[in-house]
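Have a look at the structure below, then the notes.
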Amino acid sequence: MRFEGTAHRYGRDVDTDVIIPARYLNTSDPAELAKHCLEDLDATFIDRVKPGDILVAEENFGCGSSREHAPIAIKAAGIDAVIAKSFARIFYRNAINTGLAIMECPEAVDAIHAGDTVSVDAATGTIRNETTGQEFQAQPFPEFIAEIIEAGGLANRWKAKLAK
């Protein structure tokens, strides 16, 4: 799996209430959630994000409640991967379960600026800032996580396996 896009950069402790505000939790429609992704943190995010873009954040990304709506909103907004120094554990698992690629790599986060072009090779764990040429090493996805992400989430992976 390879991803490449423009970096959108945020700070530490971005919680799920900021990723998708609770006032929009009356729907589980990904397209509707995407319209409100990060609006309380960055009102221009949804107007600037393009399919394939990369979200970059500091420590503890996705802290707060355990709602699956947060990674669904991020993915539906067009983000292919999130690179952070660290993730809240429940967000980490929800992201994988919903098919959102996430990678922890503090060195990459420190070197990537908003607007940089970033590529990610999930199979090798390589993160490259295409703007500066710097390359970083994250932990590659284990095979079972790669399968979940490639299938678009855990439910889709099991549907495909059961269909065989």
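Among rounded, prolate and oblate, which fits the chain when a ≥ b ≥ c are the square roots of the eigenvalues of its C-alpha gyration tensor, a/c under 1.5 means rounded, and a/b larger than b/c means prolate?
On the way: a/c = 1.60, a/b = 1.06, b/c = 1.51.
Oblate, since a/c reaches 1.5 and b/c is not below a/b.
Note the full-extension length gain between Q134 and L41 as 0.36 nm times their separation in residues minus their Cα-Cα distance, in nm to one decimal.
30.7 nm
Apply the Karplus curve 6.51 cos²θ - 1.76 cosθ + 1.60, θ = phi - 60°, to the phi angles in the range 105-116 and return the couplings in whole Hz, x for Gly and Pro.
7, x, 5, 5, 4, 5, 9, 9, 10, 4, x, 5
Spelling out what I want: for every residue of the range 28-42, take phi, set θ = phi - 60°, compute 6.51 cos²θ - 1.76 cosθ + 1.60 (Karplus), and round to whole Hz; glycine and proline get x.
With the stated coefficients, the range 28-42 comes to 10, 5, x, 5, 6, 4, 4, 4, 10, 4, 6, 5, 7, 9, 8 Hz.
Using the Kirkwood radius built from alpha carbon pairs, what does the Stokes-Einstein equation give as D for the range 58-120 at 20 °C and 1.002 mPa s, in µm² per second?
Working: Rh = 12.0 Å.
Reported coefficient: 179 µm²/s.
Taking one equal scatterer on every alpha-carbon of the range 75-164, how large is log10 of I(q)/I(0) by Debye at q = 0.17 1/Å?
Treating every Cα as an identical point scatterer, log10 I(q)/I(0) equals -0.73.
Which three semi-axes in whole Å describe the equivalent ellipsoid of the range 32-73, each the square root of 5 times a Cα gyration tensor eigenvalue, listed largest first?
On the way: eigenvalues 59, 35, 22 Å².
Taking √(5λ) for each eigenvalue gives 17, 13, 11 Å, largest first.
Would you order R2, R23, R93 from fewest to most other beta-carbon atoms within 10 Å of each residue's own beta-carbon? Provide the component values of the computation, followed by the final result.
Numbers: R2 12, R23 9, R93 16.
Ranking R2, R23, R93 by Cβ neighbours within 10 Å, fewest first, gives R23, R2, R93.
Which of T124, T98, T117 comes first, and how do the rest follow, when ranked by fewest Cβ neighbours within 10 Å? Don't skip to the answer; put the middle values down first.
On the way: T124 12, T98 24, T117 16.
Least to most surrounded, the residues fall as T124, T117, T98.
Sorting H8, H36, H113 on the 10 Å Cβ count, fewest up front, what's the list?
Least crowded to most crowded, the residues run H113, H36, H8.
Read-outs: derived from the displayed coordinates by stated rules, not from any lab. The structure presented is a predicted model; accordingly, all values stated were derived computationally and were not measured. Cβ coordinates were reconstructed from backbone atoms using ideal geometry, including for glycine residues, and neighbour counts include every protein chain displayed.
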